[in-house]
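The values are calculated or read from the model by the stated rules, or taken from the named source; none is laboratory data. Quantities reported herein were computed from a predicted structural model and do not represent experimental measurements. For neighbour counting, all protein chains shown are included, and Cβ atoms are generated from backbone atoms with ideal geometry for every residue, glycine included. Calculation scope for accessible area: heavy atoms of the full protein, side chains included, ligands and nucleic acids excluded. Shrake-Rupley method; radii C 1.70, N 1.55, O 1.52, S 1.80 Å.
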Amino acid sequence: MVNILMFGPPGSGKGTQSVTLAEKYNLLHLSTGDMLRAELAAGTELGKRMEKIMAAGELVPDDVVIAMIANKIDSTTGKAGFIFDGFPRTVEQAEALQTMLGDRSMKIDQMLVLEVNDAELMERMKKRAQISGRADDADPAVINNRIEVYRAKTEPVIDFGRKASVYRSIDGVGSIDEIFGRLCDHIDTII
Ligand code: AMP
């Protein structure tokens, strides 16, 4: 099994690239953001509890996303591995994932970090706001907060990846195809 963390700030292209990488390498795409939005759309109790936090661009509690990921890992068959998109977002989540995978005789194989400058991120998020229909994309103040939360709580996970020798920096500026090619070059070294 191959387990890849797709990493980078909001708007860096994690979701877009994860979908095509998952297809190419027969990986299950696990996006905690998508899972949480599905809970919201279905009107579940959990969705209702998380709605305000997500609308503000804050992080939902670690135990919520850790449980979601564990459920998916345990209910999946027929895949060559997993591509994690938007998870882990805190060092605690990263440690929980490492333990969870270790308990199942797996590990984090690569952490691919999409590097995109702030000006480009803001530009992309503005464009995405026009098509995504996401409440947290519509408000510039919420977008700024998401980038700040990324810097404060999520970026420290990069150090975790460095220590685990899985960190790879990827130039996240260019065409979608160019960036896809750069990501594949890295993944091909471990497949
Ligand atoms: P995303 O689609 O990955 O940008 O996630 C949208 C929102 O869902 C985030 O701004 C958070 O409020 C919440 N969220 C998604 N993944 C996580 C996570 N791993 N930890 C905490 N909150 C998350």
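Give the percent of DSSP beta bridges with both residues in the chain that are antiparallel, rounded to the nearest 5. Walk me through the numbers on the way to the answer.
Working: 0 of 19 bridges.
Percentage antiparallel, nearest 5: 0.
Mean residue ellipticity at 222 nm from the helices of the chain, using -39,500 (n - 2.57) per DSSP H segment of n ≥ 4 over the full residue count, to the nearest 500 deg cm²/dmol?
Using -39500 (n - 2.57) per qualifying helix, the result is -17000 deg cm²/dmol.
Where the centroid of each part is defined by its Cα atoms, how far is region 32-53 from region 90-128 in Å?
Rounded to whole Å, the Cα centres lie 20 Å apart.
Taking the Cα centre of the chain as origin, work out the dipole magnitude from +1 charges on Lys and Arg Cβ and -1 charges on Asp and Glu Cβ, in debye rounded to 20.
Details: 23 positive and 29 negative charges, 35 e Å.
Magnitude of the dipole: close to 160 debye.
Need the list of lysines near Lys24 for cross-linking: C-alpha distance under 19 angstrom, and skip anything on the same chain fewer than eight residues off.
Result set, ordered by chain and number: Lys14, Lys79.
Which listed residue (Gly8, Val157, Ser31) has the Cα farthest towards the positive end of the charge dipole for region 2-184, taking +1 on Lys and Arg C-beta and -1 on Asp and Glu C-beta about the Cα centre?
Ser31
Go through Lys48/Lys153; Lys127/Lys153; Lys107/Lys163 and tell me which ones have a Cα-Cα distance over 20 Å in this structure.
In this structure, Lys48/Lys153; Lys127/Lys153 exceed 20 Å between Cα atoms.
On a straight-distance basis, which aspartates and glutamates could pair with Lys72 in a cross-link, Cα separation under 20 angstrom, same-chain partners fewer than 8 positions away excluded?
Glu23, Asp34, Glu39, Glu45, Asp62, Asp63, Asp85, Glu92, Glu95, Asp103, Asp109
Counting only the backbone N, which residues of region 1-42 are under 19 Å from the spot 7 Å out from the Cα of Lys107 toward its beta-carbon?
Answer for this model: 1-6.
Ignoring ligands, DNA and RNA, what percent of the accessible area of region 94-191 is carbon or sulfur (1.4 Å)?
Within region 94-191, the accessible surface is 51 percent carbon and sulfur.
Residue by residue through region 147-162, what is 3J(HN,Hα) from phi via Karplus (6.51 cos²θ - 1.76 cosθ + 1.60, θ = phi - 60°)? Round to whole Hz and write x for glycine and proline.
5, 5, 4, 4, 4, 7, 10, 9, 4, x, 5, 4, 4, 4, x, 5
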